[in-house]
1. Mind counting the residues in the range 124-140 that are in a strand (DSSP E or B) and of a type in the set (Asp, Glu)?
2. Evaluate the following for Ala62: is it surrounded by 13 or more Cβ atoms within 10 Å (Cβ to Cβ), in contact (Cβ under 8 Å) with a residue 12 or more places away in the chain and under 14 Å from the mean Cα position of the chain (by Cα)?
3. On the phi < 0 side of the Ramachandran plot, not small (Gly, Ala, Ser) and not in a strand (DSSP E or B), is that true of Thr94?
4. Which residue pairs have Cβ atoms closer than 7 Å, lie 6 or more positions apart in sequence or on different chains, and pair a first residue in the range 27-51 that is within 18 Å of Gly63 (Cα to Cα) and small (Gly, Ala, Ser) with a second residue that is part of a loop (DSSP other than H, G, I, E, B) and at pLDDT 90 or above?
5. So for the range 140-150 (the condition being in contact (Cβ under 8 Å) with a residue 60 or more places away in the chain and within 17 Å of Ser70 (Cα to Cα)), does at least one residue qualify?
6. Only one of (1) of a type outside the set (Asp, Glu); (2) modelled with pLDDT of 90 or more; (3) under 18 Å from Phe147 (Cα atoms); (4) over 14 Å from the mean Cα position of the chain (by Cα) fails for Ser124. Which number is that?
Amino acid sequence: MAKIFVLLFVLFYSALPAYALASFSDLRLAMPASELAQAKELFAYAEYGHFADKTQYDSVKAGEQKEIYSIHCRNGRAFGIEVKFPAAGVSRETAIKKMSLLIQGLAGKETEHDDDDLKKKDCSQACEFFYFENGVRAELLYARQSFDKVVQISVWKK
């Protein structure tokens, strides 16, 4: 009986595709870490990002806009995604669209928005914060001395 179970287990898992993620556009906050581990054409396990119950996966190639990804996982789920763009950055509109995709179906309504850094324009690097229902927070980090190009998007789930 045990041999049959092992055989079925091996047959089932060998029939799975090599990776579940087809592209970076499939990334979502709270997705299973197992999907990242299987997406070897997109992500690699980051040894330096492993501590306690947390693991990290980094993109092995750049996305369409030359962006790179770092996915932070805890308890088998992605609780943080960082998207870093080249020095030139991307427009705020492009960053908002990407941020919306990453939190799609999880965030709920926006509960608070903090763009004080953008209004002051007296800091070296501005950050814009978005807070949503369900403990989701998103951040847009703007290029130094430039308040019109986003160089990093971060989304986090409590």
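1. Taking the range 124-140 and keeping what is in a strand (DSSP E or B), we get 127-132, 136-140.
Right, trim to of a type in the set (Asp, Glu) and you get 128, 139.
Qualifying residue count, the range 124-140: 2.
2. Working: surrounded by 13 or more Cβ atoms within 10 Å (Cβ to Cβ): yes; in contact (Cβ under 8 Å) with a residue 12 or more places away in the chain: no; under 14 Å from the mean Cα position of the chain (by Cα): yes.
No; evaluated as a whole, the condition is false for this residue.
3. Working: on the phi < 0 side of the Ramachandran plot: yes; not small (Gly, Ala, Ser): yes; not in a strand (DSSP E or B): yes.
Considered against the rule, which asks whether it is on the phi < 0 side of the Ramachandran plot, not small (Gly, Ala, Ser) and not in a strand (DSSP E or B), Thr94 comes out as yes.
4. Pairs that qualify, where the first residue is within 18 Å of Gly63 (Cα to Cα) and small (Gly, Ala, Ser) and the partner is part of a loop (DSSP other than H, G, I, E, B) and at pLDDT 90 or above, are Ala44/Val60.
5. Initial filter on the range 140-150 (in contact (Cβ under 8 Å) with a residue 60 or more places away in the chain): 149-150.
Applying the additional criterion that residues be within 17 Å of Ser70 (Cα to Cα) yields 150.
Yes, the range 140-150 contains a residue that is in contact (Cβ under 8 Å) with a residue 60 or more places away in the chain and within 17 Å of Ser70 (Cα to Cα).
6. Ser124 satisfies every listed condition except (2).
The values are calculated or read from the model by the stated rules, or taken from the named source; none is laboratory data. Just so you know, these numbers come straight off a predicted model, no measurement behind them. Quick reminder, even Gly has a Cβ in these numbers, built from the backbone with ideal geometry, and neighbours come from all protein chains shown.
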